[in-house]
Amino acid sequence: MGTRLSSSRMYAHLWGTPELDGVFEERAMLQTWLDVLAALARAQSALGIVPTAAAEAIGGVRVESLDLEYIAEQTRVTSHSTLGLIRGLQRVLPADVREHVYVGATVQDISDTWFGIVMRDVGAVVQRDLTALRERLLDLAAKHRDTVMAGRTHGQPGAPITFGFKVATWADEVGRHLDRLAEGSYRWEVGQLAGAVGALAFFGADGPALRARFCAELGLIDPGVSWLTSRDRVAEFGSTLAMVCGTLARIGTEVYELARPEIGELAEAAPSGAVSSITMPHKRNPEGSEHLDTLARLARSSAAVLVEGMVAGHERDGRAWKAEWIALPEVCQLAGAALRIGLALVDGLEVHPDAMAANVARFGAGLGSERVLAGLTSKIGKHRAQQVLHEVLREEGTDLATGLVERGVATAAEVRDWATGPAVDAAAAMVDAVLARAGRAG
């Protein structure tokens with residue numbers, strides 16, 4: 001039973017995923033730490049630091065054989081982050097093996113290497129789900145390439161766009177996150193074997209070679225230099241996940257706003273059995289869209305803690321590094337939940353082109369003002385044209401064509417031609433460009 005809402009039976013699904021529970025749940029974490037210790041022992045045996053038989057024995061221990069209550073009790077008694085685990089591991093090993101556990105390593109060697117594994121494994125999950133999301137968004141953008149709707153600025157109707165253009169901006173942004181994940185992985189997927197102050201003095205001249213073997217055993221990259229207080233890797237990874245959540249929140253915000261009944265251009269799926277309001281049965285709340293913003297707020301706060309960790313003192317600083325133990329799993333779980341909800345949102349999204357067309361018609365000639373401004377600019381200059389249109393539309397509130405004709409600056413036919421010109425051709429072309437960049441035919 002969790003002690004936080006985010007890990008409770010009732011609410012855990014809102015803040016994480018079962019798949020990522022398999023990374024961060026205590027037994028899963030401890031098993032990974034055992035795997036790290038086993039890899040260290042194997043690397044040390046290859047260099048003759050510990051016996052091969054001892055390395056094999058250490059590698060054979062599974063978390064199920066450990067007494068977790070004893071480990072927890074020893075962790076409290078010793079006030080040391082990993083000594084409880086070490087003592088628990090030693091209890092299940094033969095006497096002649098116990099002295100070969102955790103030789104020359106520190107807490108941060110184990111936990112930072114775990115971070116490298118976490119960033120590799122969570123990064124793969126995020127990459128997988130982002131790839132699936134982009135494919136769905138590209139399909140949606142292509143389908144609605146020419147579906148005209150009102151573009152809005154400052155929450156107000158501005159000029160026509162296409163819904164496909166709006167979705168293409170989402171897909172393109174997701175694509176950039178995929179680029180970031182691919183490009184950053186060589187920085188994040190690293191191990192740590194640094195010793196007391198990073199100089200690997202315990203192992204002497206063998207230190208760098210041992211670190212390289214240790215990292216290779218775990219499928220991680222050798223960092224080349226200790227990074228005990230260089231926390232930019234963790235900060236960058238967490239910030240990238242927060243940015244992913246930000247993109248999903250932007251998508252959710254669009255659905256949230258455009259699902260308003262007075263707009264009615266989009267709607268979330270309405271699963272059977274879902275209840276929006278216990279007191280107002282008529283409501284159909286955009287719960288998923290709304291929650292994406294909640295997740296993004298929390299992800300940004302956790303990522304900010306990770307960025308704070310970059311300010312660390314000397315060669316080791318527990319203030320920065322131990323805060324990551326809370327913040328990194330948190331931002332990973334939040335991103336996983338956001339991607340799950342985002343995929344479901346896009347899969348079930350209801351698009352209402354008729355409502356989009358009706359809103360374009362309802363806002364009338366005003367939506368064509370940008371094209372009229374362009375046409376009138378060619379006759380009287382941009383700034384004069386802008387002032388004239390402001391006077392007609394904002395100050396006088398007269399009919400656009402009538403006002404311009406009365407001023408003698410345009411004919412009714414010119415205004416009509418300008419207002420009905422190719423307002424969304426470039427928007428549709430940009431959809432094609434996004435599709436082409438993603439290697440998709442329009």
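The values are calculated or read from the model by the stated rules, or taken from the named source; none is laboratory data. These numbers come from a predicted model, not from an experiment. All Cβ positions, glycine included, derive from the backbone under ideal geometry; neighbour counts span all protein chains shown.
Tell me, please, whether a residue that is in contact with a Cys (Cβ under 9 Å, 6 or more places away or on another chain), of a type outside the set (Phe, Trp, Tyr) and closer than 17 Å to Ala39 by Cα can be found in the range 207-216. No, because not a single residue in the range 207-216 is in contact with a Cys (Cβ under 9 Å, 6 or more places away or on another chain), of a type outside the set (Phe, Trp, Tyr) and closer than 17 Å to Ala39 by Cα.
Okay, residues lined up against (1) in the same structural domain as Ala365 (by TED's automatic domain parsing); (2) of a type in the set (Phe, Trp, Tyr); (3) surrounded by fewer than 16 Cβ atoms within 10 Å (Cβ to Cβ):
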| residue | (1), (2), (3) |
| --- | --- |
| Lys379 | yes, no, yes |
| His383 | yes, no, yes |
| Leu389 | yes, no, no |
| Glu395 | yes, no, yes |
| Ala401 | yes, no, no |
| Thr411 | yes, no, yes |
| Trp418 | yes, yes, no |
| Ala426 | yes, no, yes |
| Val431 | yes, no, no |
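Within the option set Val372, Val405, Val331, being buried (at least 19 other Cβ atoms within 10 Å of the Cβ), among the β-branched types (Val, Ile, Thr) and over 30 Å from Val107 (Cβ atoms) holds for one residue only, Val372. Just wondering, is there one or more residues in the range 288-295 that are within 28 Å of Pro329 (Cβ to Cβ), assigned by TED's automatic domain parsing to the domain that holds Thr113, surrounded by 15 or more Cβ atoms within 10 Å (Cβ to Cβ) and modelled with pLDDT under 95? Yes: the range 288-295 contains one or more residues that are within 28 Å of Pro329 (Cβ to Cβ), assigned by TED's automatic domain parsing to the domain that holds Thr113, surrounded by 15 or more Cβ atoms within 10 Å (Cβ to Cβ) and modelled with pLDDT under 95.
Applying the criterion of at least 3 residues that are within 43 Å of the chain's Cα centre (by Cα) to the helices (runs of 4 or more DSSP H) found wholly in the range 326-442 leaves 353-363, 369-380, 382-390, 425-437. Taking the stated definitions as given, is Asp109 outside any loop (DSSP other than H, G, I, E, B) and charged (D, E, K, R)? Here the answer is yes, as Asp109 does meet what is asked.
Among the residues of this structure, Ser239 does not count as one that is among the small types (Gly, Ala, Ser), under 25 Å from the mean Cα position of the chain (by Cα) and assigned to a loop (DSSP other than H, G, I, E, B). Listed conditions (1) in contact with an Asp or Glu (Cβ under 8 Å, 6 or more places away or on another chain); (2) free of Cβ contacts under 8 Å to residues at least 40 places away in the same chain are all met by Gly198, apart from (2).
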